[in-house]
1. Based on Cα positions only, what radius of gyration and what Dmax would you give for segment 51-98, in angstroms?
2. When all alpha-carbon pairs of segment 109-149 are counted, what percent fall beyond 14 Å?
3. State the Cα centre-to-centre distance between segment 151-180 and segment 102-130 in whole Å.
4. Mind giving me the nanometre distance, one decimal, between the label points for residue 60 and residue 168, set 7 Å out from Cα along Cα→Cβ?
5. Along its principal axes, what span do the Cα atoms of the chain show, with the longest given first and each in whole Å?
6. Along the three principal axes, how long is segment 1-93 when you take its alpha carbons, biggest first, rounded to the nearest angstrom?
7. Among 144, 164, 75, which one shows the highest mean-square fluctuation when the chain is modelled as a Gaussian network with alpha-carbon springs under 10 Å?
8. Compare 93, 127, 38 in a GNM of the chain, Cα atoms joined below 10 Å, and give the one with the largest fluctuation.
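A short reminder: the numbers here are calculations on the coordinates, not readings from a lab. This one's a predicted model, so the numbers in the text were calculated from it and none came from an experiment. Virtual Cβ from ideal backbone geometry, glycine too; neighbours counted across all protein chains shown.
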Ligand code: AMP
């Protein structure tokens, strides 16, 4: 299956992606992890991405798409994959559509719905320094302006499934399994 996990920062999509990846035996593709890997390896991409990531902004579509394309074209993605943190802009979603349409199609976009005010409060309690607070605020600003428009984009394609993310982790997981099982 080819699944996108979608939701605002702090909604728990990384945790859920690990569960689904194990239960379906398909790779978990996290662009955040890939970019952090590039940063720590000191590669050209990492050098370009570092500052933007630290500020809570978005790395350019060109860079992100190139790493996703390279990863999706590997053999282990033939049976499917879980995308976590990608796409984050309509342009990325359109590029993904084109890439997949040559061979495969997406099965679903699982949107983990949370009360954003509540999540921001929780994250702010954890962030003790002002600069971290600014990064959190910037991540939500970016999500609202760049990433939210993907909701109607996937709704129009009948691919969007809402999951209540304001529950225990295990319950969110169960709900996700039910949706996947019914597709
Ligand atoms: P994440 O771990 O998914 O929260 O990603 C960490 C950071 O990596 C984000 O705040 C962005 O700066 C960058 N990033 C991850 N995925 C993308 C993407 N699809 N497009 C642009 N930037 C991304």
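1. Both quantities, over Cα of segment 51-98: 11.7, 35 Å.
2. Numbers: 437 of 820 pairs.
Tail of P(r) above 14 Å: 53 percent of Cα pairs.
3. One Cα centre to the other: 12 Å.
4. Using points 7 Å along Cα→Cβ, the separation is 4.7 nm.
5. 44, 40, 29
6. Principal axes ranked by extent give 35, 29, 26 Å for the Cα atoms.
7. 75
8. Of the options given, 127 has the highest mean-square fluctuation.
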